[in-house]
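As structure tokens, the structure follows; a few thoughts come after it.
FYI, it's all coordinate maths here, none of it is from the lab. Here the structure is a predicted model, which means the values were calculated and not measured. Ideal geometry is used to build each Cβ from the backbone, glycine not excepted, and the neighbour counts take in all protein chains shown.
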Amino acid sequence: MFKRHVIGLVISAFVSIIIFNFIDPEAAVVLKEKLMDSQVQTMRNWGAPEESVAAVVEEFEKQDNMYSIGNVLQSILFQIIGFSIVGLIASLIIKRNPETAE
């Protein structure tokens, strides 16, 4: 089961790298702008101070391409680690409380 998830992550990452770095690099810029607008709107809806909103906008503007090869590979690594931790915790819970078949 774990192999399927890793294969899916790798395929998704490969497609993202191809699309956003070679086929349509402008799409990455548009997605970044949409994500920033969404984040700002969410922060304002929650009543965040404008200084915090400005700081988030500044951080977004500093970032390079979110879909660069390095960023995508880093994302894969974090996702695999996260999924592994969740899986280990779930297996510990299941192992601790085995169902008795009577």
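Taking Cα pairs under 8 Å and at least six residues apart, what relative contact order does the chain come out at, in percent?
35 percent
Any idea what the dipole of segment 2-96 comes to, in debye rounded to 20, about its Cα centre with Lys/Arg Cβ at +1 and Asp/Glu Cβ at -1?
920 debye
Tell me what the chain gives for mean residue ellipticity at 222 nm when only DSSP H runs of n ≥ 4 count, each as -39,500 (n - 2.57), the sum divided by the residue total, rounded to 500 deg cm²/dmol.
The helix contribution divided over the chain gives -26500 deg cm²/dmol.
Among 78, 19, 68, which residue has its Cα furthest toward the positive end of the charge dipole of segment 2-96, with +1 on Lys/Arg Cβ and -1 on Asp/Glu Cβ?
Of the listed residues, the answer is 78.
Taking R0 as 25 Å, what FRET efficiency do you get between residue 88 and residue 4 from their Cβ-Cβ distance, rounded to the nearest 0.05?
Between residue 88 and residue 4 the formula returns 0.90.
Can you work out the Karplus-derived ³J(HN,Hα) for every residue in segment 64-76? Use 6.51 cos²θ - 1.76 cosθ + 1.60 with θ = phi - 60°, whole Hz, and x for glycine or proline.
7, 4, 5, 9, 5, 4, x, 5, 5, 5, 5, 4, 4
Once both labels are modelled 7 Å past Cα along the beta-carbon direction, what's the residue 36-residue 81 spacing in nm?
It works out to 2.7 nm between the two label points.
Rounded to the nearest Å, what's the spacing between the alpha carbon centres of segment 22-48 and segment 1-16? Just the number, please.
25 Å
Can you bin every Cα-Cα distance in segment 1-65 into 5 Å intervals starting at zero and give me the percent of pairs per bin, rounded to whole numbers?
Cα pair-distance distribution for segment 1-65, in percent: 3, 16, 17, 15, 14, 13, 12, 8, 2, 0.
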